[in-house]
Amino acid sequence: MPTKAKKKPSTKKHHAPAKSKAAKSAKTAKPAKSARAAGTDPKRVAAILAKLDEAYGNATCELKHENAFQLLISTILSAQCTDVRVNQVAETLYKKYPDPKAFAYATPGELEQDIRPTGFFRNKTKSVMGASKAIIEKFGGQVPRTMEEILTLPGVARKTANVVLGTAYGIASGVVVDTHVLRLSNRLDLSRNEDPKKVEQDLMKIIPQEKWIQFSHQLIWHGRRVCHARKPKCIECNMESLCYAKDKTI
């Protein structure tokens, strides 16, 4: 019987099925950046708080004041101005204007000149006079003790409200976020936001409420004394080992 010819093995190469574009992109796509800062691990936050206590255990508000009203006015004047300059102006200001009534019914042009060294004196005059009138007319001459009420005063936003409530009344309604707290919160990777309101919300989530008032004072002191904007003195910083900021100087 004639033998059947054996089939030669096929020489055609079998190519693996081409990967879909979706599969390729899934493989090469970088993971999305987390909105939450990586440095907010509870142990790291606790270590930062301990270092701040160690360095600035007695930190407090550096605006000189005798009562909540004076602190409110000085905080309004401190916008875009140093506390040192505000304190210099305040030495004579509160002798001339001792209470809300004196500010509320001051001569605008005269008050402008009295606070001129603090900058933006026209807008600040409107805020100071407006806040003073509201305190007299709506709150019986006393600075309000709640966030909701104090925010109704002209010229008062959350930073000013937190300063007054925390320092004058010992009420922890939030965290003061000024230029120093904003900068250091980013450097220490406690927040990756740039908006002060969002930074405050981030800090309120990771800092115990009983530390909100002192934490703000401590971070402000650290920003003024060591962690400067342009040339931070990292060699003098007791948190250097906990910090991995890109602009570290050591």
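Quick one: in segment 130-149, of everything that is in contact (Cβ under 8 Å) with a residue 24 or more places away in the chain and part of a helix (DSSP H, G or I), which residue is nearest to Tyr169 (Cα to Cα)? That would be Met147.
Residues are listed down the side, and each one gets a yes or a no for (1) more than 16 Å from Thr40 (Cβ to Cβ); (2) assigned to a helix (DSSP H, G or I):
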{"residue": "Glu210", "(1), (2)": "yes, yes"}
{"residue": "His217", "(1), (2)": "yes, yes"}
{"residue": "His222", "(1), (2)": "yes, yes"}
{"residue": "Ala229", "(1), (2)": "yes, no"}
{"residue": "Ile235", "(1), (2)": "yes, yes"}
{"residue": "Asn238", "(1), (2)": "yes, no"}
{"residue": "Ala245", "(1), (2)": "no, no"}
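What number of residues within segment 33-61 satisfy the criterion of being free of Cβ contacts under 8 Å to residues at least 24 places away in the same chain, more than 26 Å from Asn193 (Cβ to Cβ) and not polar (S, T, N, Q)? Selection size over segment 33-61: 1. Of the numbered criteria (1) within 29 Å of Asn123 (Cα to Cα); (2) surrounded by 18 or more Cβ atoms within 10 Å (Cβ to Cβ); (3) in contact with a Lys or Arg (Cβ under 9 Å, 6 or more places away or on another chain), the one Asp202 fails is (1). Residues of segment 155-175 that are of a type in the set (S, T, N, Q) and either surrounded by fewer than 20 Cβ atoms within 10 Å (Cβ to Cβ) or assigned to a helix (DSSP H, G or I) (or both): Thr160, Asn162, Thr167.
Scanning segment 100-125 for residues that are outside any helix (DSSP H, G or I) and within 22 Å of Thr82 (Cα to Cα) yields Gly119, Phe120.
When Ser191 is tested against the conditions (1) farther than 19 Å from Val45 by Cβ; (2) under 16 Å from the mean Cα position of the chain (by Cα); (3) in a loop (DSSP other than H, G, I, E, B); (4) small (Gly, Ala, Ser), the lone failure is (1). The numbered conditions (1) without any contact (Cβ under 8 Å) to a residue 24 or more places away in the chain; (2) in a helix (DSSP H, G or I) are all true for Thr152 except (2). If you go through segment 74-89 one residue at a time, do you hit one that is more than 25 Å from the chain's Cα centre (by Cα) and part of a helix (DSSP H, G or I)? Yes, there is a match, as at least one residue in segment 74-89 is more than 25 Å from the chain's Cα centre (by Cα) and part of a helix (DSSP H, G or I).
Just so you know, all these numbers are worked out from the coordinates, no wet-lab data involved. Given the structure is predicted, the values throughout are model-derived calculations rather than measurements. Counting neighbours? That spans all protein chains shown, and the Cβs are built from the backbone with ideal geometry, glycine included.
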